[in-house]
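In what follows, a structure is listed as structure tokens, so that the remarks can point back to it.
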Amino acid sequence: MLDLQDQRVVVIGGGAVAERKVVALIEAGAAVVLVSPSLTGTLAALAEAGRLSWISRPYAPGDIRGALLVYAASNDAAVNEAVAREARSLGLPVNVASRAEAGSFITPGVLRRGRLTVAVSTSGAGPSAAAKITEQLAGILGEEYEPYLDWLHNLRTEIKRRELPPELRGRLLRRLGEVDVLNEMRQGTFIEWGADEIDDWITRNLEK
């Protein structure tokens, strides 16, 4: 997992495979540079909206210089191999859509629930299998995990903000994990904690 916020990522190709890569990269905040003579409708709309930089021509040596990551995602295997060779010569991590083993990294299936990120990789067994497993996990890790982790983060931040001896802080953080808030959120019975409820819970658990 990398922080791609405002980082230059070059994608070679403008078809359906490149589209999937680009959409995920934009969601991650990357500064995407797309090199392709043509684009899918979705990619064209993103370029028109200024969400990515489009170089409207086939790949040429030098296009990937300065990138943090490179994606060789054209529909031409020979082009992808050439991109991979240049990336290796420049010491740049490269993902090769047409032949995963030709690249130096893969992009897993991803499930997001707010602060929760779950990555699924089948080590080359097949993207369809990874997608199916990710879908199954989505049924287990429901939407309630997003507000739960926000609640947990807020409480942990408040506990750490207070000037408490390490042993008392540790006690509160351990007991925080025992509060059955997740199940309440799942059942729709959770009532948001305000400042008074947080203070009361911290005081009670410090006295135990």
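Observations on the model:
- The calculated 222 nm mean residue ellipticity attributable to helices in the chain amounts to -14500 deg cm²/dmol, summing -39500 (n - 2.57) over DSSP H runs of n ≥ 4 and dividing by all residues.
- Extension gain (nm, one decimal) between residue 150 and residue 133, 0.36 nm per residue minus Cα-Cα: 3.6 nm
- Distance-filtered residues of segment 99-116 - backbone nitrogen under 17 Å, label point 7 angstrom along residue 141 Cα→Cβ: 107-116
- Full-extension gain in nm, residue 199 to residue 55, via 0.36 nm per residue minus C-alpha separation: 46.3 nm
- Packing-based order for 163-172, 88-97, 128-137, using average beta carbon neighbours within 10 Å, highest first: 88-97, 128-137, 163-172
- Zone of residue 90's modelled label, taken as backbone nitrogen in segment 37-74 under 12 Å from a point 7 Å along Cα→Cβ: 60-72
- Accessible surface area normalised per residue over the chain is 57 Å², counting heavy atoms of protein chains with a 1.4 Å rolling probe.
- The chain: relative contact order in percent, alpha carbon pairs under 8 Å with at least 6 residues between: 13
- If you take the alpha carbon atoms of segment 95-201 and fit the smallest convex hull around them, that volume is 140 Å³ per residue.
- Span from the segment 34-113 Cα centroid across to the segment 129-208 one, whole angstrom: 40
- Extension gain, residue 26 back to residue 178 (0.36 nm per residue minus Cα-Cα distance, nm): 51.0 nm
The values are calculated or read from the model by the stated rules, or taken from the named source; none is laboratory data. Fair warning: this is a prediction, and the values are worked out from it, not measured in the lab. We place every Cβ from the backbone using ideal geometry, glycine too, and count neighbours over all the protein chains shown. Heads up: the accessible areas ignore ligands, DNA and RNA and are worked out on the full protein's heavy atoms, side chains in. Shrake-Rupley method; radii C 1.70, N 1.55, O 1.52, S 1.80 Å.
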